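Novice: Have a look at this one before I ask anything.
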Amino acid sequence: MNTRDPEAVLYWAERRVLEIQTKLHRWATDDPHRRFDDIFNLVTDPSFLLVAWARVAGNKGARSAGVDGQTAAFVRDRIGAEGFLAELREQLKSRSFRPMPVKERMIPKPGSRKRRRLGIPTVTDRVVQASLKLVLEPIFEADFMPCSYGFRPKRRAHDAMAETVFLASKTYEWVLEGDITACFDEISHPALMDRVRARIGDKRVLALVKVFLKAGILSEVGTSKETVTGTPQGGILSPLLANVALSVLDEHFVTHPGGPRSTTKQRWTRRRKGLPNCRLIRYADDFVILISGTRAHAQAMLPEVAEVLSTVGLRLSEDKTLITHIDEGLDFLGWRIQRHRKRGTVRHYVYNYPAKKTLKSIKAKTKAICRTNVSLPLTVLLHKLNQVLRGWTAYFRPGVSSRAFEYLRMIVWRQVFGWLRRKHPNMGWKELRRRYCDGGWWPQAGEVVLFNPGSVATTRYRPRGTAIPSPWPSKA
């Protein structure tokens, strides 16, 4: 083997990291009360830093610079990855490393005029956070509950959606749609660190986590802000720390009477006595609680949820937290989940399909693309549209989405032809079709054809529940 081959070096580094992660996960699973005391050496291990650098440099966000103005490409071309990692390792081992404030960017919320804060750390800070995550994630994954799906390995939004549809198809007809106010900005640092300390005993790792939490924010107008609470959204470590804090909600409802750990007989007995059963499904800070009971039972859950969240400094939004019946439907993770009568029958089923808000969002996105400079070739426009359309239809494919796909097909066709009419204002339909549709009606430019959303066949995504595999086998 040529040890100087970067791909070979990275391959063996990933092998080593996976082996150590598997051991950490197995030890954490076998002993739920074990505290890991000597893991800082793993954070500074050359293999962990190399894998962390590869993930940071290969991420789409590598093109964004932090407050120091350096991108991953700048570090790779001007400094060199090997020298950069060697210097970073020396700083960590000598404990002279200090993270810089994150660069604030206010980005629009999907389907809303409101904006939310995104924090962009420097490339150096991202690498250290990624290395920290490689060490901490397999430990905390041993404690996370099956009802949590967001920002976890081998889990996806479709699992949360499918579980919601499955439970709503049974007797869980009332839904508490939870909305946490500024979740990533208001997490209590002392409460979060207490939960981290329950598993991590290495003071150097704890100090590194804390210093990232207190790194501060450089606002868009150039003023510095202290971070007294929260974990800035945009950091590599932030989703893991948010899950550590929000797992307090998972742990509460897993052991809740009538929850997932109760037997079928116990749940049946509770319903006969007029008591509710409940199930929590959480994706990051978006969660729903499905209740087998009455509306009064669902309303009684509100103060209970608020009390649990208050232990980590969070609070429910009074305006956005809703209680709905499955017949009225709910929006969750971009999906509309609602029970309808099946056409031609008297039977009712729970269906999932793209929500109106997401349709409005994709229409606005394709419209913005079709507002580009008409002097560009059609090929450029089709490449941009195809990338967006393929991603959107792939996400909404496992559902009753055919009508939404056909509707999007019509919208995109109109938008592309509007762009062509602006490009050639004096050209008639016949000439446009001859030049850009090969005599037909569907736009194409040489071998590049506009992606047809209506041609996507829908599928069914079955809930995997506790059968979701772990990336680190718990048994040797």
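Novice: Could you check what % of the DSSP bridge pairs in the chain are antiparallel, to the nearest 5? Could you put the intermediate results ahead of the total?
Specialist: Working: 39 of 44 bridges.
Beta bridges within the chain, antiparallel portion: roughly 90 percent.
Novice: Give the label of the value calculated from the structure for Kirkwood radius over Cα pairs in Å, choosing from [x] 25.2; [y] 24.3; [z] 26.6.
Specialist: Correct label is [x].
Novice: In nanometres, what is the gap between the two model label sites at Asp77 and Gln387, each 7 Å from Cα along Cα-to-Cβ?
Specialist: 1.9 nm
Novice: Rank Thr358, Thr458 by accessible area, highest first, at a 1.4 Å probe radius? Write out the running numbers ahead of the final one.
Specialist: On the way: Thr358 25, Thr458 55 Å².
Per-residue accessible area, sorted high to low, gives Thr458, Thr358.
Novice: Magnitude of the Cβ-charge dipole of the stretch 318-370, K/R +1 and D/E -1, about the Cα centre, nearest 20 debye?
Specialist: Dipole size: approximately 460 debye.
Novice: Same structure again: Can you give the convex hull volume per residue for the Cα atoms of the stretch 227-375, as a whole number of Å³?
Specialist: Working: hull volume 27.7 nm³, N = 149.
Looking at the stretch 227-375, the number lands at 186 Å³ per residue.
Novice: Could you size up the charge dipole of the stretch 1-149 around its Cα centre, putting +1 on the beta carbon of Lys and Arg and -1 on that of Asp and Glu, and report it in debye to the nearest 20?
Specialist: Values: 26 positive and 19 negative charges, 216 e Å.
Taking the Cα centre of the stretch 1-149 as origin, the dipole is about 1040 debye.
Novice: Okay, helix-only estimate at 222 nm for the chain: each DSSP H run of n ≥ 4 adds -39500 (n - 2.57), divide by all residues, round to 500 deg cm²/dmol; what do you get?
Specialist: After summing the helix terms and dividing by residue count, I get -14500 deg cm²/dmol.
Novice: Projected onto the charge dipole of the chain (+1 at Lys/Arg Cβ, -1 at Asp/Glu Cβ, origin at the Cα centre), which of Val388, Pro99, Pro121 gives the Cα projection farthest towards the positive end?
Specialist: Of the candidates, Val388 comes out farthest on the positive side.
Novice: Note down the relative contact order for the stretch 348-476 as a percent, whole number, built from C-alpha pairs under 8 angstrom at least six residues apart. Kindly include the intermediate steps, with their values, before the conclusion.
Specialist: On the way: 110 pairs, mean separation 42.5, N = 129.
For the stretch 348-476, the relative contact order is 33 percent.
Novice: Over all directions, how big on average is the projection of the convex hull of the alpha-carbon atoms in the stretch 106-218, in square nanometres?
Specialist: Details: hull surface 39.0 nm².
Approximately 9.7 nm², given one-decimal rounding.
Novice: Percent of Cα-Cα pairs per 10 Å bin, from 0 to the last occupied bin, for the stretch 329-376, please list those.
Specialist: 24, 30, 23, 14, 8, 1
Novice: Give me the one-decimal Kirkwood hydrodynamic radius in Å for the stretch 54-165, with the sum taken over alpha-carbon pairs.
Specialist: Details: mean 1/r = 0.0599 Å⁻¹.
Its Kirkwood hydrodynamic radius stands at 16.7 Å.
Novice: Still on this structure, please answer the following. Compare the Cα positions of Pro469, Leu432, Ala445 along the charge dipole of the stretch 388-475 (+1 at Cβ of Lys, Arg; -1 at Cβ of Asp, Glu; about the Cα centre) and return the one farthest towards the positive end.
Specialist: Pro469
Novice: Roughly how many Å² is the accessible area per residue of the chain, as a whole number, for a 1.4 Å probe? Don't skip to the end; give the middle numbers.
Specialist: On the way: 24660 Å² over 476 residues.
That works out to 52 Å² for each residue.
Novice: Label Ser317 and Ser96 with points 7 Å out from Cα along Cα→Cβ: what is the distance between them in nm?
Specialist: 4.6 nm
Novice: Need one number: the % of Cα-Cα pairs in the stretch 85-139 sitting beyond the 19 Å mark.
Specialist: On the way: 706 of 1485 pairs.
Summing the P(r) tail past 19 Å for the stretch 85-139 gives 48 percent.
Novice: Using a 1.4 Å probe on the protein heavy atoms, what percent of the accessible area of the chain belongs to carbon and sulfur? Write out the running numbers ahead of the final one.
Specialist: Working: 12740 of 24660 Å².
Here carbon and sulfur together make up 52 percent of the probe-accessible area.
Novice: About its Cα centre, what dipole magnitude does the chain give when the only charges are +1 on Lys and Arg Cβ and -1 on Asp and Glu Cβ, stated in debye to the nearest 20? Working shown, then result.
Specialist: Values: 81 positive and 45 negative charges, 443 e Å.
It comes to approximately 2120 debye.
Novice: Moving to a separate point now. Let's test the formula: R0 of 25 Å, r as the Cβ-Cβ distance of Arg343 and Trp442. What FRET efficiency results, to the nearest 0.05?
Specialist: Values: r = 30 Å, r/R0 = 1.19.
Calculated transfer efficiency: 0.25.
Novice: Order the peptides 127-136, 154-163 from the highest to the lowest mean number of other Cβ atoms within 10 Å of their residues.
Specialist: 127-136, 154-163
The values are calculated or read from the model by the stated rules, or taken from the named source; none is laboratory data. On a predicted model such as this, the values are computed, not experimentally measured, just so you know. Quick reminder, even Gly has a Cβ in these numbers, built from the backbone with ideal geometry, and neighbours come from all protein chains shown. Accessible surface is based on the protein model in full, side chains and every heavy atom, while ligands, DNA and RNA are left aside. Shrake-Rupley method; radii C 1.70, N 1.55, O 1.52, S 1.80 Å.
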